[in-house]
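For reference, the structure is listed below as structure tokens.
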Amino acid sequence: MNGIHDALAPAGPQALALFHLWNAMLVVCTVVFALTMAALAIALWRAPRATERASADLDAQPRKEAALRRSVVWGIAGSSVLLLVLLFASFYADRALSALPLADAVHIDLVGHRFWWEAHYEPHDPEQTFATANELHVPVGRPVLIRLRADDVIHSFWVPSLSGKKDLIPGRESTIAVRADRVGTYRGQCAEFCGYQHAQMALVVVAETPERYERWRSLQREPAHAPSDAQQARGRELVEQTSCAMCHAIVGTRAGGRRAPDLTHVAGRGWLGAGAVANTPKLRAEWIANAQKFKPGVDMPPIDVAADDLAAISAYLGSLE
Amino acid sequence: MESVGALPSRPRPRKRARTRSAAAAHRPMVRDGDGPGSRAAEELERTWQEKPGLVGWLSINNHKTLGLRFVVTAFFFAGLAGVMGGLMRHQLATANSHLLGPDFYNQLFSMHGTTMMFLFAVPVMQGFALYIVPLMIGTRNTAFPRMSACAYWLYLFGGLLLFGAFATNTGPDAGWFEYVPLAGPQYGIGKRADFWNMLVTYSEAMGLMVAVDITTTILKLRAPGMSLRQMPLFVWASLVTSVMIIFAMPLVMLGANLVQFDRMLGTHFFNPAEGGDALLWQHLFWFFGHPEVYFIFIPALGFVSAIIPTFARRPMFGHDAIVLSLVTTGFLSFGLWVHHMFATNLPELGKSFFTAMSFMIAIPTALQIFCWIATIAGGRLVMRTPFLFVLGFFFVLMIGGLTGIMLGSVPLDLQVHDTYFVVAHLHYVLIGGAVFPLFAALYYWFPKVTGKQLGETLGKWHFWLFFIGVNLTFFPLHILGLEGMPRRIYTYGAETGWEPLSMVSAVGQVINDVSTLIFAINLIRTVFFKKERASADPWGAGTLEWSVASPPPRCNFFALPVVSSREPLWAPPAEVTHVQGLSAQIREGLTTTVIDALPDTRYAYPEPEIWPFVAALSVTIWLVWSVWSVPGFVWGLIPPALAFLLWYWPNKKEAKEELRWEREP
Amino acid sequence: MGARAVNDRQAARRREATPASIPAVRKGDALDVSELPSYGFAHRSLMWWGNAGMMTIEGVAFGFMVVIYFYLRDIARVWPDAGSPPDLLWGTVNLGVILASAVPNYLAQKAAQDRSLPRVRTWLYVCSLFGIALSVVRWFEFTALNVRWDDGAYGSVVWVLLGFHSFNLVTDVLDTFVLTAVTYSKPVEGKRFVDIAENCGYWYFVVLTWIPIYAVIYFGARV
């Protein structure tokens, strides 16, 4: 899955605050490291050499010992002061994280599964709500309040260019607030080991201008496009009548499964399988035929259909923009 | 005749030893106190030799053999875990690698972490403590040698069982900390998590047994005159570690047992649907888990404190400050555990407290580092391999410690938690803070243990290659973590851009392998082919273990020493130098008072017996049976009960012999 | 005669409790320890320290089980979340019997410190009988818990809390049996008496830990 995923390339205020904190800590820690290594190097350089047979110095020279004691005391005092500075920097960044204005937020309910992300926008508003998976679109400049849940094992939501991570813990609900201040595609990945295919549980956050976001949002709220040719119609029929419908939902058709990503507008997504394959016609067909090849151990079994049936299903899903 | 003791007392009539047989009353009582070569020394050698044959070998409870067994076994497991690490680096060196599948990889990283933490790092430190501490404090064996013997066999069986499980595709696969619900009854399918819980039970039992032994040994068996203020820093480190172990290890054993109950009996400790909490496991585990890393780190600090004075030819600067730092670090380490849980939904104010505590623990460590540098600055330096490894420790550990500060900050941790940044940090602190001092300690005490010194030239090659390899392997991981690479992923796509640095890291790993090879060559050459024997004190060190031959006689000291200084071998000769009057015909030692080390009682060490081995075997039967069957948990208790009964049952012959020497208080 | 014997015994016990009551003697450059006793009671024995270690380990485990109880209670909406609080009868009987058992325990410990084999045997028999009685009562306690171990978090924690203490109880009772039997194995060395005194010390631990655990199990769901 392609996208910017660098904590050192912040695209929003959360990640920016953390980037500043990182810089502050890096500078201070590097200085402390350099000074300590310099002290060690000077000590090594200036101390005379001896062999094992040299007798040990038991009588410490008072002046030298006093000088050493002064150095140690200054070292500790300096370290303590710097630690205090970093402590305040940390608290300051912490407060900045919680100070994100939340007016006019986009609300998303994110549920972590093994191994994909289920998203419901505006879940409290039946007129506005819709479901999607693995790819979140957000408007630039508006806060996004995400409620995080998990029903199976612990996952963790992390999009480094936007913010730090938050765990999704079964039995507990947490929230995270992010805001993208720059248009772009930001990649994230599950950051708490959740089993077999934890490595392939990615997601993207696509930050768009408010107009493009509104267009995307209204599109998502509509039911699935009707098939425009016979092949797509055949594809829809197969989807509704075979195993696809047992797990997947496509709003406006008879497919109403809740155990797998919502496919109503799947063609508009860049990737399938939470980042496992790109959403191109060829790869889509291969994914449908045998998802296990790309992501062994996922819940989606191989689909055993004739080649033209497979093409029909793929064509139909490819039409669901 | 002067009396040395706390209280004056009236002269008491000499009590007759209680004997039962006339024949025994006629045998002369030989007491120790004369040097090597004397009649007493010969008797001591005879008394302390081991029983012959396989049964004898299994019955050994001499701390030196046990310590050596722990260390050798730990390095064996470390080698296996190291191979796993190498495989993981190889797999991740390229994007979309198909070298290893996800299931095997998940078992690999879980086994690597579990083995390194439970089967290598803690046992190797305990092994060193078992070997060195009695020698350093001037006694003949630890306080509970049979318990430590049993601990060794438990350790070996536990490790072998874990690897047996791994070999049969039943290795743990949910990380070295096996979070629930992933390792719980619903998602932890098969027996994998059960074996992990079993391994935890084994290694914690083992750790606790050795910890109680070492604590009692240090508090009660020190040589007369070695008050707490005169005690060497390595002994302090071992004491602090052992006491911490006693307080922290029960937690993980408790937690692992609760997970087992959830898995096998249907309890709901961690099941949120029935009132349990997934986070409860994290609390239990990390309350143990954070002190755990200090079980590994603090003994290593003890190594450094033992080595620097020798190679700076002067006593440690700030001895008392270092003691206080060790104790403070021990205490503070219990207050940090939530910093492993910053990404959960715990209250923010609570988390900030743990940031403050995590920062605070840097101060005693910094104090120790500054005292060490001051010692070096005020000394005359002997640049040999042990000292080189200590210098490497400074560099690598400091980087690890500083990234630790970064991780201790809640907001910053939210970016780098569960990423390769943490992997980099933990390897820097564990390799820098523990493995470098460990190698230093190995080179340092090798002549004492084996009677031969490891080669200097190969040692220097080993050091430099290891130093370069470690930095090359783990430094890039900091950057990878910041670039979004999470932990525990078996592969990644090329579009992530993580490949170049991963490849650099893999090259570093190869250099590490070469350095290990050189170390192995050095070992083999020295042990099997070197002719030169080492003297008692090849490094010119000051502590008591260097006063006996290399390797030490089975009884350690023909006459227990009396000390009045922190570096007894450097101090000018004292008026009273040694203890006499202990039996040379039964295994006797001397207990002293806790704070001032005044002679208190004589103590008869247990003779070698097979029962610790049998007990460990019976516990294995019980634990393995319980993994498969719930009634097995109950019925399986019978073999250990029998074994411990037979262990405890007095041996008439030994009792008769001890009665000859018995004296009432 | 009686008063003087008591005084002598008290003086002897005081001497034993203080260190170096028989001092080491300096002979030239050596410290001669041949007159030192070959064992001591209480903190003068290594067994005491081992025991203290054991009690710390188990105390930490018990302490945390109690913490877990309150943790789970804190996150529960209703407590108990299944079943009902346990019947008070058997638990309170247990409390009474276990507190009473401290008496023969104390007498056994004193007998051991006096190195009186007949008295030790007698009181160990009495302790063993108390142990059997407690084990029986404990069995009834389990039946009166009014919840199964797999009925929610409450059932789990109550069963495990009672189970851990029961494990300690039963192993110490078995230890007592073994020690009673060992008094018949001649010759009896001094350190046997130390072992018996230490086992009595451990019994106090079993008694004392029952008090808070009893309070938590029987009243944790009532207040």
Would you please calculate the Kirkwood hydrodynamic radius of the range B:119-240 over all C-alpha pairs and express it in Å, rounded to one decimal? 16.0
Just reorder C:141, A:222, A:211 by solvent-accessible area, largest first, 1.4 Å probe, all chains present. A:211, A:222, C:141
Diagonalise the Cα gyration tensor of the range B:338-463 and give the resulting equivalent ellipsoid semi-axes, square root of 5 times each eigenvalue, largest first, whole Å. 36, 16, 11
How many Cβ atoms of partner chains, on average, are near each residue of A:70-76 if near means within 10 Å of its Cβ? 5
Counting Lys and Arg as +1 and Asp and Glu as -1, what is the net charge of the other residues whose Cβ lies under 14 Å from the Cβ of residue B:455? +4
For chain C, what is the accessible area per residue in Å², given a 1.4 Å probe and the full set of protein chains? 41
Hull shadow area, averaged, the range B:521-596 [alpha-carbon convex hull, nm²]: 7.6
Per the 1.4 Å probe, what fraction of the accessible area of the range B:297-417, in percent, lies on carbon and sulfur atoms? 81
Can you quote the Å³ per residue value for the convex hull of the Cα atoms in the range A:230-318, rounded to an integer? 85
Which whole number gives the average, over all residues in B:425-434, of C-beta atoms from other chains lying within 10 Å of the residue C-beta? 0
Give me the percent relative contact order of the range C:42-219, please, defined on Cα pairs under 8 angstrom at least 6 residues apart. 36
Size of chain B as Cα extents on the principal axes (Å, biggest first): 86, 64, 53
Would you mind checking which residues have amide H under 5 Å from residue B:31's amide H? H placed 1.01 Å from N; only 5 or more apart, or other chain. B:584
Per residue, how much accessible area does the range B:109-174 have with a 1.4 Å probe, in Å²? 17
Order the peptides A:201-208, B:459-466, B:399-406 from the highest to the lowest mean number of other Cβ atoms within 10 Å of their residues. A:201-208, B:399-406, B:459-466
On Cα atoms only, tilt of C:46-75 relative to the major axis of chain C in degrees: 10
For peptide C:168-177, how many partner chain Cβ atoms fall within 10 Å of a residue's Cβ, on average? 1
With residue A:111 itself left out, Lys, Arg at +1 and Asp, Glu at -1 over residues whose Cβ is under 10 Å from its Cβ give -2
Using only the Cα atoms of the protein assembly as shown, what are the Rg and Dmax in Å? 33.3, 118
Any lysines with Cα under 20 Å of the residue B:51 Cα? List them, leaving off those in the same chain fewer than 8 positions away. B:64, B:652, B:653, B:656
Can you tell me the dipole magnitude for the range C:141-223 around its Cα centre, using point charges on the Cβ only (Lys, Arg +1; Asp, Glu -1), in Debye to the nearest 20? 120
The orientation-averaged projected area of the Cα convex hull of the range B:356-395, in nm², is 3.2
Across the Cα atoms of the range C:120-223, what radius of gyration and what greatest pairwise Cα-Cα distance (Dmax) are found, in Å? 16.6, 55
Roughly how many debye, to the nearest 20, is the charge dipole of the range A:175-273 about its Cα centre, given +1 on each Lys and Arg Cβ, -1 on each Asp and Glu Cβ, and no other charges? 60
Crossing angle, helix C:102-113 versus chain C [Cα axis fit, 0-90 degrees, rounded to tens]: 20
How large is ³J(HN,Hα), in whole Hz, for each residue of the range B:134-143 in order, when computed from phi with the Karplus curve 6.51 cos²θ - 1.76 cosθ + 1.60 and θ = phi - 60°, using x for Gly and Pro? x, 5, 6, 9, x, 10, 9, 6, 7, 5
Return one whole number: the accessible area per residue of the range A:105-262 in Å², for a 1.4 Å probe. 37
Percent antiparallel among DSSP beta bridges confined to the protein assembly as shown, rounded to 5, stands at 70
Taking a straight Cα-to-Cα line shorter than 24 Å from residue A:282, and setting aside same-chain lysines fewer than 8 residues away, one finds A:293, A:295
Rounded, prolate or oblate: which fits the range A:199-277 when a ≥ b ≥ c are the square roots of the eigenvalues of the alpha-carbon gyration tensor, with rounded for a/c under 1.5 and prolate only if a/b beats b/c? oblate
Accessible area buried between chains A and B, both sides summed, probe 1.4 Å, in Å² to nearest 100: 7300
Provide the packing ranking of A:234-241, A:100-107, i.e. peptides ordered by the mean count of other C-beta atoms within 10 Å per residue, highest first. A:234-241, A:100-107
Estimated buried accessible area (total), pair C and B, 1.4 Å, Å² to nearest 100: 6400
Rounded, prolate or oblate: which fits the range C:42-219 when a ≥ b ≥ c are the square roots of the eigenvalues of the alpha-carbon gyration tensor, with rounded for a/c under 1.5 and prolate only if a/b beats b/c? prolate
Highest-first arrangement of C:122-135, B:634-647, where packing means the average Cβ count within 10 Å: C:122-135, B:634-647
Counting only protein heavy atoms and a 1.4 Å probe, tell me what percentage of chain A's accessible area is made up of carbon and sulfur. 59
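The values are calculated or read from the model by the stated rules, or taken from the named source; none is laboratory data. What you see is a predicted model, and the numbers here were worked out from it, not measured in a lab. For neighbour counting, all protein chains shown are included, and Cβ atoms are generated from backbone atoms with ideal geometry for every residue, glycine included. Keep in mind that these areas ignore ligands, DNA and RNA; they rest on the heavy atoms of the full protein, side chains included. Shrake-Rupley method; radii C 1.70, N 1.55, O 1.52, S 1.80 Å.
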